[in-house]
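Here's the structure we're looking at; comments come further down.
The values are calculated or read from the model by the stated rules, or taken from the named source; none is laboratory data. As the structure is a prediction and not an experimental result, all values here were calculated from the model. Reconstructed Cβ throughout: ideal geometry from the backbone, glycine too, with neighbour counts over all protein chains shown.
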Amino acid sequence: MSGLDDLFARCRSEGRAALVGYLPAGFPSYDLAVEALRAMVEEGVDAVEVGMPYSDPLMEGPVIQAAHQASLDAGTRQADVLRTVEAVAATGAPTVVMGYWNPVHRYGFRRWAQALKDAGGAGAITPDLIPEEAPEWLEACRDLDLDPVFLVAPSSTDERIGVVGRTNRGFVYAAAVMGVTGARAEIGAGARTLVERVRAQTPLPVAVGLGVSTGAQAAQLASYADGVVVGSALVSALQTGGVDAVRRLAGELAEGVRSPVPA
């Protein structure tokens, strides 16, 4: 079993969803990013997504796009992303990289997979890659016991969900709403339906992301999803209030997933 398998099994035994928190490496600096990511874990975030800064993050909204660009402008490179993974994984929280495929391809996907494993990473989420185009990546993940995670969305066909469900390890990442990332006042109405559709295709845990910004929203999602993913709200907190603001928000979100609203 992987670290993600263990995590979701433990959360299930505790009768709650897992909280997954995201921040980009190198934003606003290497040291502050690591400090903020560690603070998230201390306040109850169960698993961490380390964002790989990229110049053209098509799935991301303005908050994360700006953070990616600031990180790149500060000189963040792949080595810094991997150092960040190593620093966060040392906390014991399963740590995955959320990254677009082009930088991995340029680095050399087998070399990158080995470097991720050596850093203590649990796997990688690749939002712009589909399983059919990733046979060598999947082979590398199998060889190194890394968890490849692909995404599904409300627009995904049942066939597509089935392919992802058979290919993923760790969990299935379900994008709750169509469009780019970003905190929203309300969770997409199709989130529950999407979770049900995924569960009809795979026994893997389903983690829902895109739009969560408050403890109340986290509690709402935790009533029917296996995991709650938060990104833009944490990036905004770091940008406007520093590590202390990240710590406060992480604590609020952790309380939310541990106090789900009755379904």
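Annotations
- Condition check for V41: touching a Lys or Arg at 6+ places or on another chain (Cβ under 9 Å) and either over 18 Å from N102 (Cα atoms) or of a type outside the set (S, T, Y) (or both): no
- Some residue of segment 30-39 being under 24 Å from L253 (Cβ atoms), of a type in the set (V, I, T) and at pLDDT 95 or above: yes
- Every residue from segment 62-81 that is assigned to a helix (DSSP H, G or I) and of a type in the set (G, A, S): A66, A67, A70, S71, A79
- Applying a threshold of 6 Å to beta carbon distances and a minimum spacing of six or more residues, or different chains, the list of pairs starting in segment 96-124 at a residue that is surrounded by fewer than 16 Cβ atoms within 10 Å (Cβ to Cβ) and ending at one that is of a type outside the set (S, T, N, Q) reads R110/A140.
- Residues within segment 121-162 that are in a loop (DSSP other than H, G, I, E, B), in contact with a strand residue (DSSP E or B) (Cβ under 8 Å, 6 or more places away or on another chain) and under 22 Å from V195 (Cα atoms), tallied: 5
- Hits in segment 97-120 (condition: hydroxyl-bearing (S, T, Y) and outside any loop (DSSP other than H, G, I, E, B)): Y107
- Residue count for segment 188-242, restricted to those that are free of Cβ contacts under 8 Å to residues at least 40 places away in the same chain and more than 21 Å from G162 (Cβ to Cβ): 9
- Of the residues making up segment 198-213, just one is part of a loop (DSSP other than H, G, I, E, B), β-branched (V, I, T) and either within 13 Å of A9 (Cα to Cα) or over 17 Å from the mean Cα position of the chain (by Cα) (or both), namely T202.
- Tally of residues being more than 16 Å from the chain's Cα centre (by Cα) and among the acidic types (D, E) across segment 1-28: 2
- Entry remark, segment 52-82: residues being surrounded by fewer than 24 Cβ atoms within 10 Å (Cβ to Cβ), of a type in the set (D, E, K, R) and closer than 15 Å to G99 by Cβ number 3 in total.
- Scanning segment 243-263 for residues that are touching a strand residue (DSSP E or B) at 6+ places or on another chain (Cβ under 9 Å) and not small (G, A, S) turns up V246, L249, L253, V257, R258.
- When residues in segment 61-117 are screened for being closer than 26 Å to P131 by Cα, aliphatic (A, V, I, L, M) and modelled with pLDDT under 95, 2 of them pass.
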